[in-house]
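Values in this text are rule-based calculations from the coordinates and carry no lab data. The structure presented is a predicted model; accordingly, all values stated were derived computationally and were not measured. All Cβ positions, even for glycine, are placed from backbone atoms using ideal geometry, and neighbour counts span all protein chains on display.
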Amino acid sequence: MSVHVALIRALNVGGTGKLSMEDLKTVAGDIGLKELSTYIQSGNLIFRDEGEPDEIAAMLDTALGLKLGKAPGVMLRSPAELRGVLEDNPFSGMDPFRVLVSFFSHRLPDYALNGIIAPDGEEAVAAQREIYVHYPLGSGRSRFKLPFLARGTSRNINTVTKLAELGERLESRFSRP
């Protein structure tokens with residue numbers, strides 16, 4: 001069984017998609033996911049399953065949609081993929097609280113960075129299935145706009161680091177002889 005990290009879009013953010021992490025684990029357990037744990041209250045789920053990642057993401061998204069009334073969007077990554085996201089961070093020298101990674105389900109189209117408005121010196125870099133954004137003044141009051149970001153879900157570098165560690169820890173529990 002492989003370890004996966006689900007990054008769930010629009011969960012417990014801004015008054016939409018309210019769901020406790022215990023309820024999230026219940027929904028995930030009901031569809032057969034194993035060794036469930038969550039990290040912070042914003043829709044991060046670490047688990048094991050033997051299925052294909054795209055199928056797992058679709059099943060979890062559907063199950064959450066039934067619970068919430070609307071499917072939120074689920075982006076799945078392995079711990080190794082999250083480690084790769086960290087290694088490829090083009091803003092690795094910056095404050096990790098000021099760098100957000102937006103995760104997407106599929107490979108980004110060429111136009112993903114179209115329409116960018118960066119009035120406070122923000123920078124964005126597109127990768128395969130992620131967009132990195134550096135907010136020099138912080139993201140909380142930023143006036144940065146990038147329309148494509150609405151299709152994904154964002155985490156700061158510290159959260160991505162913790163999720164990679166939690167996933168790797170779960171992998172190591174089951175890879176010992």
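Some notes on this structure:
- Each label was represented as a point 7 Å from its Cα along the Cα-to-Cβ direction; for ILE117 and SER172 these points are 4.6 nm apart.
- Filter on LYS25/LYS145; LYS25/LYS70; LYS18/LYS162 - keep pairs with C-alpha separation over 26 Å: LYS25/LYS145
- Span-like helix ranges in the chain, DSSP H, alpha carbon extent 20 angstrom or more, Kyte mean at least -0.5: 53-68, 157-175
- Considering only the Cα atoms of segment 2-78, their convex hull presents on average a projected area of 4.2 nm².
- Normalised alpha carbon radius of gyration of segment 107-177 [divisor 2.2 N^0.38 Å]: 1.42
- Whole-percent P(r), the chain, all Cα pairs, 10 Å bins from 0: 10, 38, 36, 15, 2, 0.
- When the chain is described by a simple charge dipole with +1 on each Lys and Arg Cβ and -1 on each Asp and Glu Cβ, the residue from SER78, SER20, GLY43 located farthest towards its positive end is SER20.
- Dipole moment magnitude, nearest 20 debye, segment 81-160 about Cα centre, only Lys, Arg, Asp, Glu C-beta charged: 300
- Within segment 25-129, the ratio Rg/Rh, alpha carbon atoms throughout and Rh by Kirkwood, equals 1.00.
- Size of electric dipole in segment 2-78: Cβ of Lys, Arg +1 and of Asp, Glu -1, about Cα centre, debye, nearest 20: 340
- Longest exposed-site-free window of the chain, the sites being trypsin sites (Lys or Arg not before Pro) in a DSSP loop that have at most 13 other C-beta atoms within 10 Å: 19-69
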